[in-house]
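FYI, it's all coordinate maths here, none of it is from the lab. Because the structure is a prediction, the values reported are computed rather than measured. Here the Cβ positions follow ideal geometry from the backbone for every residue, glycine too, while neighbour counts run over all protein chains shown.
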Amino acid sequence: MTNHLDRSSEDKVFSIQLKGALDGVSAEDLFRYLESQIESGFTRFLFNFGHVEFITSNGISTLIKIRKKMIGNPGLSYVFYALGGEAESVLQLLGLYKKLPIKKNLNEAEEYLRSQQTQGKSDLRAASVLEEERSRIASQDSKERIRFYYTGSPKSARGEEVVSKLESYAPPKVSDSAMEKKPVSEKQTVGGHSVHETAKPSEMETILEEKITSLRKEIKETLSFELEKRLSFVTGKETSSEVSGPIKIPNYIQPKSKQVSLGFEKIFPCEACGTKLRATKVGRHQCPTCRTEVYVNNTGSVRFLEKLNT
């Protein structure tokens, strides 16, 4: 790769002549060299591809990088010329021949750079004119715009500031008699807010409540009477004739042993004399033949006790 400065040095045109293959190594060197010349102050570049034998994928990627570099800087311009052979075929095949600024010879390339320079100057001039016009309009608008300033209310109009006072709210008291007479409603409004009250119990709930109350009273009376009877029996006191009759205790408060005894039956032989015995309830029993005591529990197991002394 060789390079030389254009004869018109004041235009800052830099010519780069490529030779051999544009592969990965040479392509990277070319891009770094281009960046160094841009930093030196050159703005227009001529790339001579007349002696390039072939180009690789890395070389094509470098050409795309050069294009992005030039587009990103509006003051820069470039052109490729004298492409031929394999390099031209590859770029045409990839569709890059029309996207890149490629010319046939040096004269066309120089003419292209001059047109780009003229176009760039005209674009810069138009941009500067547009910016000046915007600045002028902005300054004119700022002068003609009516501005309002708040100076505050006059002292004569100022008075004591109105301060809202919060007052405590106490709901009216209602007597018990009034509460009893007052029908129960589903909703009441207090201070503008609706308050839900307990709904009136249904007829079924009332009946159930009465049943439960009656049942509790019956259980309490029965247990109290049974307790008095047992205490009087322990102390040796006799109960009156009115209460000497049999006491009927509801099934739901019967002892567990009695509840198990209902429908219970156990047939087994006596261990002492061999007599067949039948027990219809749980507890202690006695063989009628040999007077041997036997205990039957609620699971049906049998336990013989010692023989009673006769």
message: Per 0.36 nm of contour for each residue apart, how much would the distance between Ser232 and Lys266 grow if the chain were fully extended, relative to their Cα-Cα spacing?
response: 8.7 nm
Added length on full extension, which subtracts the Cα-Cα distance from 0.36 nm per residue, Glu133 to Ile212: 18.7 nm
- prompt: What is the calculated FRET efficiency for Glu86 to Thr118, with r their C-beta to C-beta distance and R₀ = 30 Å, to the nearest 0.05?
  reply: 0.30
Proxy reagent accessibility, fewest Cβ within 10 Å first, across Met204, Met70: Met204, Met70
- prompt: By how many nm would the segment from Leu93 to Thr289 grow when fully extended, if each residue of separation counts as 0.36 nm and the alpha-carbon distance is taken off?
  reply: 57.9 nm
- prompt: How do the peptides 72-79, 266-273 rank, highest first, by the average count of neighbouring beta carbon atoms within 10 Å per residue?
  reply: 72-79, 266-273
message: What distance in nm lies between label points placed 7 Å from Cα along the C-beta direction at Thr299 and Ser202?
response: 4.7
